[in-house]
Amino acid sequence: MPDRKPSARTRRLALAAIAAVTAPLWLTASLAPRPSGQIPKPVIDTAQVDIKPMIPAADRYQEGKVFLEHADKWTYEEQPGLPPEKQYQVLVGNVEFRKNDMFMYCDSAHFYENSNSFDAFRNVRMEQGDTLFVYADELNYDGPSELAVLYADFGKKVRLINRDVELKTDVFNYSLADNVGYYEVGGELTDKENRLTSQAGEYHPDSKDAYFYFNVRLTSLNGTDTLHMATDSLEYNTDTHVAKLIAETVITSADGEILSSSGNYNTLTGIADLYDRSLVITNRGNTLTGDTLFYDRDRGIGEAFGNMSLTDSARQSSVHGDYGFYNDAVDSAFVTGRALMKEYSTGDTLYMHGDTIYAYLDRVDSTRVTNVYRRVRFYRSDMQGICDSLSATERDSIMRMFHHPVVWSGQRQVFGNVIHVHINDSTVDWAELPQFAFVAEHIDEDCYQQMSSNKMMIWFNDSTIDHLYAEGTVKIITFPMENDSTYNKYAYVESSEMDAFFANNDIESVHFRPSTTSKIVPLYLAKKNSYFLERFKWYEPMRPKNPADVFVIPLEMEALMREAPPAPEITGEENKVRRRLLGTQKKEEDTPDEP
């Protein structure tokens, strides 16, 4: 029987029936596939049928549902051979979908009713409120996963805009279930302060948190800033502009460099809280590290907690301790808690410990000053020493030791109230003891060469004594060696001044002025206590034996530092002058004032 074309009246009736039956079903993309027993979808055996959609009234916040809000035209043609989930309806003209508060627009779309999915084409955009916008050329929405995948045409980018934030990539994934977007083919995110690029990234519009992975780069958009950050993983908040370091990261700027794998860096303020042995390198070349670091880049201030270390490359020195504070702007450092200073400008390193080390730039003459306070101990292979406090100035290269200072070199020991040591090219050039001086050298059993005076100057040559000058109650006990290398007597000498010159660390000539009192006593006639000058002390048990020994404070040293320093002796002539002055003062005190 030949085919017959339906009459116009028949076609109108068919279209009315289709619209009445199917509109409530296909206009809600949230409907599940139709169960058996319900009215089947009509089959149109002719060309496409165009219908103006009728939008149902329904709750737009139903879980997992997408609603069609508008389309100019709907057409449908069954695709033979495709399963039900692949069959789609065609929407054309000002197409608008909605899921909760997310609206999606396009010029045309394919709607897959059975899977609650659709494909959108041309002029694609997503909008949420008045703050979030995504622009693309194509969008594929998968209903079961609630994932939208957006694409851009060749030469263009998918763009997400969230207030001051813009994200650009070739392929962008947006989870409507979690309200988060991400990319895996390279992307760029910018806000008012920074530009971030990476191979993969994730952005949360609600919290403003962003996560970047693989070949991550952050660059400041501030024209006056040179901030650049390089890492493989980074967390960043576009509201606070704080970067959270979660992998090995290098932060560079005109002020220096930061190396860290854990911490927070505020790109607005330049303030960093860093952990896990982070490292700060200043533009001076100095380095600061510690278990935990606080660093203010703009102010050049750093604090280090736990096993801290600050190195000064120009001065070839470093300080270490449990806590350290560094101010790069004024070149100052403060260290405490097992504080240690190292000076390694030569092959022989000086190790110095004190309760506190404070180094700063003197504003008066712009010289570097280093102060070490309380229970000071230092070690170098050719020189060791102790004192209660110490101050070294870069201008005159003098190290001033206060309150019971003792210095050892070889078998020789020098102590006094104050010791000034001049260092030239990292070697001791001369030493001055301006208030009280005592030099002792152990030669055999109870035999010690000894010298004491009110003042003393010692000049060195290659760490050995070259010239010694003493004045004010100069007293000497020396043990001359016999031909058989034994010691049978000692000599006692007292004078007001003495000049001694040395060769190969042995006395070459001695000059006393103006007069000398001396005696020689055989040892078999002498009592043991006469072997020693009255202020003799041998401090060898307190002497640092190696670098680690500077941290060991002997009980004898603790007791010594609590003692008052000895007063300089007064000569007979000085006593006469003193009595005369005191007598004059007494007469003046006894004389009544004139009326």
**Item:** Global geometry of the stretch 174-214, whether rounded, prolate or oblate, following the gyration tensor of its Cα atoms and the 1.5 cut on a/c
**Value:** oblate
**Average Cα contact separation per residue, the stretch 163-292, under 8 Å, 6 or more apart, as relative contact order %** = 14
**Item:** Ranked by how many other beta carbons lie within 10 Å on average, peptides 511-523, 405-417 from highest
**Value:** 405-417, 511-523
**Request:** Using the Cα centre as the reference, give the magnitude of the dipole from point charges on the C-beta atoms of the chain (Lys, Arg: +1; Asp, Glu: -1; all else neutral), rounded to the nearest 20 debye.
**Result:** 1220
**Selection from P83, A230, Y373, by position along the positive dipole direction of the chain (Cβ)** = P83
**Message:** Can you compute the helix-only [θ] at 222 nm over the chain? Use -39500 (n - 2.57) per DSSP H run of at least 4 residues, normalise by all residues, nearest 500 deg cm²/dmol.
**Reply:** -2500 deg cm²/dmol
**Complete:** Note on the chain: contact order normalised by length, alpha-carbon pairs under 8 Å, 6 or more apart, percent, works out to 4
**Request:** Tell me the label-point distance for the pair V250, F214, using the 7 Å Cα-to-Cβ offset, in nm and rounded to one decimal.
**Result:** 2.1
**Complete:** Counting only backbone N atoms under 20 Å from a point 7 Å out along Cα-to-Cβ of D365, the residues of the stretch 384-406 in range are 390-402
**Fill in**
Checked against the structure, the computed Cα extents along the principal axes in Å among (i) 67, 57, 52; (ii) 73, 55, 49; (iii) 156, 78, 40 is the one labelled (iii)
**Asked** With each label point set 7 Å from Cα along the Cα-Cβ vector, what nm distance links A548 and S426?
**Response** 2.4
**Fill in**
For T367, T252, the accessible-area ranking with a 1.4 Å probe, largest leading, is T252, T367
**Request:** Work out the charge dipole of the chain with +1 on the Cβ of Lys and Arg and -1 on the Cβ of Asp and Glu about the Cα centre, then indicate which of S530, I477, V364 is farthest towards its positive end.
**Result:** V364
**Prompt:** What net charge is computed for the residues neighbouring T336, neighbours being all others with C-beta under 14 Å from the C-beta of T336, Lys and Arg scored +1, Asp and Glu -1?
**Reply:** 0
**Asked** Count the lysine pairs in the stretch 48-207 that are 8 or more places apart or on different chains: how many have C-alpha atoms under 30 angstrom apart?
**Response** 24
**Prompt:** Quick one: length gained pulling S463 to K527 fully straight, 0.36 nm per residue minus the C-alpha distance?
**Reply:** 19.5 nm
**Asked** Given charges of +1 on the Cβ of Lys and Arg and -1 on the Cβ of Asp and Glu, with all other atoms neutral, how large is the dipole of the stretch 292-386 about its Cα centre, in debye to the nearest 20?
**Response** 280
**Fill in**
Of 348-358, 210-220, 486-496, ordering from highest average Cβ density within 10 Å down gives 348-358, 210-220, 486-496
**Fill in**
Nearest-0.05 FRET efficiency for K537 and F402 at R0 = 22 Å, using Cβ-Cβ distance, is 0.80
**Complete:** Here the relative contact order (percent) of the stretch 145-229, from C-alpha pairs under 8 Å and at least 6 apart, is 20
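The values are calculated or read from the model by the stated rules, or taken from the named source; none is laboratory data. Because the structure is predicted, anything quoted here is derived from the model rather than measured. Note: ideal-geometry Cβ built from the backbone for every residue, glycine included; neighbour counts use all protein chains shown. Only protein heavy atoms, including side chains, enter the accessible area calculation; ligands, DNA and RNA are left aside. Shrake-Rupley method; radii C 1.70, N 1.55, O 1.52, S 1.80 Å.
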